[in-house]
Each structure stands twice: as C-alpha cells, then as structure tokens.
Amino acid sequence: MELVIVYDERHRLHRDLGGKHPEGVWRVEESMTELHRSRAWDYVRVVRALDPDYSAVLLAHDADYVEWIRRECSKGFHYIDADTYVTEHTCDVAASFAASTREAAIKSAETGSPWLIMARPGGHHAGRRGPAMGAPTLGFCVFDYTAIAAITLADVGRRVLVLDFDAHHGNGTQEILWSDPRVLHIDIHQRWIYPGTGYIEDIGGRGAEGTKVNVPLYPDSGDENYSWVLVNVVEKAREIFKPDVAVVFAGFDAHREDRLTQLQVTEAVYSLIGHYLRKLLETGEISGLVSILGGGYGRGMVRSFRSYVEGLLNIASEPEIHQVSPGRDIEYGMSRVLDILSRTTRSLRKLD
C-alpha cells in the first residue's frame, strides 16, 4: 500500500516571528525527517500542495469570516486573539492545504490509497464563523480541513467517519457538522482543558442525534483507556454507522511528553490506531482514508507520528495493549450514545 503525503515548504511562511509559539515550523519538518529514517519511507509518495482555492474553504466557513481572515493577514504578522497569530501568507497557506485536503478526499475515495496532509496552521478549532461553541480563541487554527474533507465526501454520496484523536476537542469540526447525519464524528479528547467543549451529552442536532460521539477522558488515562475506547466506542460506532470513508484529525498531543496535556499516552497507542485504520482499508470496510496533521507540542509527537504511519503501512508489529475502562460514567454515556446512533442510523436507512 502506498501512502501519499501532501507536504509543502510553504507552510514555513506561517510562523511566529518571535519563535515562542508552541505550534512551530519544527513540528512538520522534524516529523518528515523522522519518517525518512523509517522503512515506511519506501511506501511514501510526497506531493506538493495545490494553489490556494477559496471555494474549498467556503465549504465549511462563511464568506464574512474568510474575508476577515484575509484582511487580518494583509496586515502582516500579529496575533488575532490570545492564542492565534497570522502572517501575510497565512491565509493563502491555509487555503492551499484546504484545496489539497478536498482533492485528497476525492482521490483517496476513488483509488483506496491513504493520504496524509501535513497542514499548518491547524484546523479543527475553527468554526463556521470563527471561534466555535463559545471558545475564547481560534486555538492556533484558521480553516477547518477536517470539515472540508467530510463535507466534500458527503456531498458526493459517501457516508463519512471523522475520527479526531487530538487531545483537544475539535469544537470547530463539531459545530460545522453538528446537524449533518451523513457524518459520524468521534472525538477522543481530554476533559477540562481548552476549548472546554465536547461533553458526552453533545450528540448532534435534530435528525443527526448520535452521530456526534464525544469521549472526554480524564487526565492520566494512558494507553489502556485508549485501547478500550478504540474497541468499545470507535469500532462499535463504526459497525452501526457503516461509513464508506474515513477522515482522521491526527493529533499527537496526548503523548506523555506533551507540555499542554496530561493524558500520558505513548507511541504504542498511535501505532494501534494506525493498524486499526489499515485493516479497515484492507478488508474493504472503508474505501478511502485521509489523515490531517493535528496537534503535538513536544518531541514525543515526532515519534508518535512515525508510529502512526508505520502502523498504517504495517511496517511495525501491532502492539498489544490491555484494555481498561476509563470509568463507569464514560461506559454508561457511550452505551447511551451508541443506542441513539443505532436508532438514528436505522431511521436514515429507511429514508434511503
């Protein structure tokens, strides 16, 4: 199996001139260097990002918000909120990755080859009109590539699984896809941290109930809880919904060395997720897969990125991780959400 990676050095044009922001250029550069050291590199094809295309951006964002971002970027480097900066190039760089994500989604669904977008700036906190669901900032993000990919695929008749395993809740993605029953959005994240959203009770808008599955884990959850969630939430939800394709927001900031989170995950979890997705592709359970680089703000993200790709390409052995329940409240909440998802899915199939 070949993995197509969208990498473009233009991402370097989006950078904090003071060099202090945690979402730095080094994240992409060191991840690519690390992957080059792996046998996985023999199965990788690297392509350049497309030119900026704002029609892709407008799939997920209001025109007024896009114009505001363009105006802010025209002013040069500055912070547009307490967390998020732009440069004169940021808008076009993000629109370039938005266009590339849209193309990758279509091509992956057509050919079955997995794609991976090395996108900067980030995406999943950007809502339709900016900060989402009451969040105070855009959280380093500008345009939501995950939502763009999901809407692209849903609009051509695909049933879409969005899996977001970034340690921070994808509030922008949830807001944009909230009432869309064509997309099953599963978000695994740490509770009580930015953006303060993603409760178990948040299950989707009218007609899409149960298609939004939030798994807010406690600090110190570790590999064993993630293993439980993969088997007892992600796979069970997938079996109910039966998506055709998957879009993954691949954040590696749950790693135990990350400076912004406390989930205490190791590289083994990311290898496990990679292997899980590979098997879905190989067995024909899904016919396409697009992964989009998410967070990760310590050196552990570089090793985790490599482990994820090696799992996806079956380069390294699949780890055996004991499953431990993350808590009775989460068990009960997930059982309830999966029941609602089952009822909603049955109703939608009758309409089909």
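A short reminder: the numbers here are calculations on the coordinates, not readings from a lab. Everything quoted here is computed from the prediction, not taken from an experiment. A quick note on method: Cβ atoms are made from the backbone with ideal geometry, for glycine too, and the neighbour counts reach across all protein chains shown.
Summary of values
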| read-out | value |
| --- | --- |
| Residue order, fewest to most surrounding Cβ atoms within 10 angstrom, among S304, S179 | S179, S304 |
| Rough spin-label spacing in nm, given labels placed 7 Å along Cα→Cβ, for L13 and Q262 | 4.1 nm |
| Size of electric dipole in the chain: Cβ of Lys, Arg +1 and of Asp, Glu -1, about Cα centre, debye, nearest 20 | 380 debye |
| Where only alpha carbons of the chain are counted, the Rg and the Dmax (Å) | 18.4, 56 |
| For the range 109-255, Kirkwood radius (reciprocal of mean inverse C-alpha pair distance, Å) | 15.3 Å |
| Protection proxy ranking of 312-318, 282-288 - average other beta-carbon atoms within 10 Å, highest first | 312-318, 282-288 |
| When each of K107/K350; K242/K350; K107/K242; K107/K279 is checked by Cα-Cα distance, pairs over 26 Å | K107/K350 |
| 19 Å tail of the calculated P(r), the range 190-340, as % of Cα pairs | 55 percent |
| When the convex hull of its Cα atoms is projected in every direction, mean area for the range 1-128 (nm²) | 8.2 nm² |
| Distant-in-sequence amide H partners of V162 (H built 1.01 Å from N, under 5 Å) | L184, H185, I186, V247 |
| Per residue convex hull volume, Cα atoms of the range 164-214, in Å³ | 59 Å³ |
| Taking all pairs of distinct alpha-carbon atoms in the range 253-352, Kirkwood radius in angstrom | 15.9 Å |
| Ordering of 191-197, 167-173 by packing [mean C-beta count within 10 Å, highest first] | 167-173, 191-197 |
| Integer Hz, Karplus 6.51/-1.76/1.60 couplings in order for the range 191-204, x for Gly and Pro | 7, 6, 10, 3, x, x, 10, x, 7, 4, 6, 7, 10, x |
| Whole-Å distance, taken between Cα centres, linking the range 46-118 and the range 177-248 | 25 Å |
| Packing-based exposure ordering (other Cβ within 10 Å, fewest first) of T90, T211 | T90, T211 |
| Taking M32, M118, M1, M301 and counting other C-beta atoms within 10 Å, the order from fewest to most | M1, M32, M118, M301 |
| Virtual spin-label span in nm between S335 and E67, 7 Å along Cα→Cβ | 5.2 nm |
| For the chain, Cys with no neighbouring Cys Cβ under 4.7 Å | C141 |
| Gain upon complete extension [E282, E239; 0.36 nm per residue less C-alpha separation] | 13.9 nm |
| Helical mean residue ellipticity (222 nm; -39500 (n - 2.57) per DSSP H run of 4+; nearest 500) of the chain | -12000 deg cm²/dmol |
| Relative packing of peptides 217-229, 8-20 - highest average C-beta neighbours within 10 Å first | 217-229, 8-20 |
| Extension gain (nm, one decimal) between R37 and S342, 0.36 nm per residue minus Cα-Cα | 105.4 nm |
| For the range 87-93, 3J(HN,Hα) per residue [Karplus equation, 6.51 cos²θ - 1.76 cosθ + 1.60, θ = phi - 60°, Hz, x = Gly/Pro] | 10, 5, 9, 4, 4, 5, 4 |
